[in-house]
Amino acid sequence: MIAPRRFLPSMSSLLAFEAVERLGSATAAAEELSLTHSAVSRQLKVLEGQLGVPLFRRERHGMAVTPAGRDYAQAVRDSLRGLSRASLKLRANPSGGSLNLAILPAFGMHWLAPRLHAFAKDHPEVRVNLSTRLAPFEFDREPFDAAIHFGQQDWQGVQYLELSRERVVPVCAPSLLPGPAAPEALLDLPLLHLESRPSGWEEWFAAHDARAEGLRGMLFDQFATMAEAAALGFGVALLPDYLAEAEIARSRLMRAAHGATEAAGRYYLVWPQGTPRPALQALVKWLETQPKDEFSETLRPLTGH
């Protein structure tokens with residue numbers, strides 16, 4: 001149920017108030033909103049009269065927001081952003097059924113996107129929009145219906161659908177090695193590291209009975225940039241097989257050592273607790289029917305996350 005009309009200020013008053021609080025003066029707010037100074041001041045007076053609470057202190061050199069006004073401004077700003085996001089969704093897909101996903105770049109483009117192409121054929125009424133996020137976030141503060149998460153089930157307040165495990169393989173530019181080498185031989189080469197997998201190489205060497213501690217090297221925040229650096233000859237990268245195979249097929253990379261190793265984490269689709277919107281329900285049900293990745297019996301599991 002929507003609150004009584006007397007508790008719902010006009011959009012003009014809210015926009016004026018938000019702008020004054022953010023910019024620090026009615027003059028700056030008037031310029032941004034293409035209004036006169038007096039029009040902005042009038043909207044502020046109307047808002048304070050409707051709420052019955054002072055939002056600003058009138059001082060000699062201007063106005064200062066009150067503590068209550070500062071809190072209210074944040075709530076107003078969040079509401080305006082939510083309304084803006086809803087309007088953009090509607091404009092992007094007037095028939096409804098839009099779905100905003102936050103993805104991890106490499107997994108999203110190399111594993112998820114081909115499957116979303118098939119999903120789109122089965123569900124033409126749903127439009128899927130993709131944006132990149134590298135770390136968990138609060139769904140009530142972001143414009144996403146669901147997200148891709150890698151690791152353990154440690155994202156609070158969400159539901160999980162496991163999508164895939166991850167197999168990693170060491171790869172490098174063909175100019176760096178004459179062919180696949182023994183695991184120990186890779187210790188003599190520069191190793192490339194991913195920020196979110198700081199112990200990845202140590203775990204890989206441990207899984208291959210090779211002792212390695214305190215490894216250092218170039219650091220990257222995304223698999224894609226690390227793969228590019230490896231192709232340019234900067235060193236050996238530990239990449240997921242779905243990305244490594246694509247680069248090997250293009251002859252930009254080669255396997256630096258034989259065998260694949262299973263990472264400890266999993267890829268999940270996550271979404272807020274509660275009943276998901278129909279578009280998300282359709283995606284979840286569709287993904288549940290898709291065949292899972294099959295893993296070779298020769299895979300060697302990593303010992304930790």
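Read-outs throughout are calculated quantities, based only on the coordinates presented, and are distinct from any laboratory measurement. Quantities reported herein were computed from a predicted structural model and do not represent experimental measurements. Quick reminder, even Gly has a Cβ in these numbers, built from the backbone with ideal geometry, and neighbours come from all protein chains shown.
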Pop out the Kirkwood hydrodynamic radius of the chain from its pairwise C-alpha distances, inverse of mean 1/r, in Å to one decimal.
-> 23.2 Å
Relative contact order of the chain, defined on C-alpha pairs under 8 angstrom at six or more residues apart (%) = 20 percent
Stokes-Einstein D in µm²/s, Kirkwood radius over Cα pairs - region 122-244 at 20 °C with 1.002 mPa s viscosity = 127 µm²/s
To the nearest 20 debye, what charge dipole does region 5-92 have about its Cα centre, counting +1 at the Cβ of each Lys and Arg and -1 at the Cβ of each Asp and Glu?
-> 260 debye
Rounded to the nearest 20 debye, dipole of region 168-264 from Cβ charges on Lys, Arg, Asp, Glu | 260 debye
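In the chain, what percentage of the DSSP-assigned beta bridges are antiparallel, given to the nearest 5?
Bridges in the chain that DSSP calls antiparallel: roughly 65 percent.
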When the chain is treated as a GNM, springs tying every alpha-carbon pair under 10 Å, which of Leu47, Leu177, Leu219 comes out with the largest mean-square fluctuation?
-> Leu47
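For region 66-164, count the residues as N, evaluate 2.2 N^0.38 Å, and divide the Cα radius of gyration by that value, please.
1.29
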For region 5-92, just the Cα set please: Rg and Dmax, both in angstrom.
-> 13.3, 47
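Go ahead and estimate [θ] at 222 nm for the chain from helices alone: -39,500 (n - 2.57) per DSSP H run with n ≥ 4, summed, over the residue count, rounded to 500.
When only DSSP H runs of four or more count, the value is -11000 deg cm²/dmol.
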Based on other C-beta atoms within 10 Å, arrange Ile148, Ile248 from fewest to most.
-> Ile248, Ile148
Residue by residue, what Karplus-based ³J(HN,Hα) values in Hz, rounded to whole numbers, does region 129-141 have, using 6.51, -1.76 and 1.60 with θ = phi - 60° and x for Gly and Pro?
-> 10, 10, 9, 8, 9, 9, 9, x, 8, 8, 4, 6, 10
State the answer as a single residue: which of Phe223, Ala207, Ala173 lies farthest towards the positive end of the charge dipole of region 125-254, with beta carbon charges of +1 for Lys and Arg and -1 for Asp and Glu, about the Cα centre.
-> Ala173
Set Lys and Arg Cβ to +1 and Asp and Glu Cβ to -1, take the dipole of the chain about its Cα centre, and tell me which of Gly157, Thr36, Ala19 lies farthest positive.
-> Thr36
Of all GluC sites (Glu not before Pro) in region 172-256, the ones in DSSP coil with at most 15 other Cβ atoms within 10 Å are Glu195, Glu213
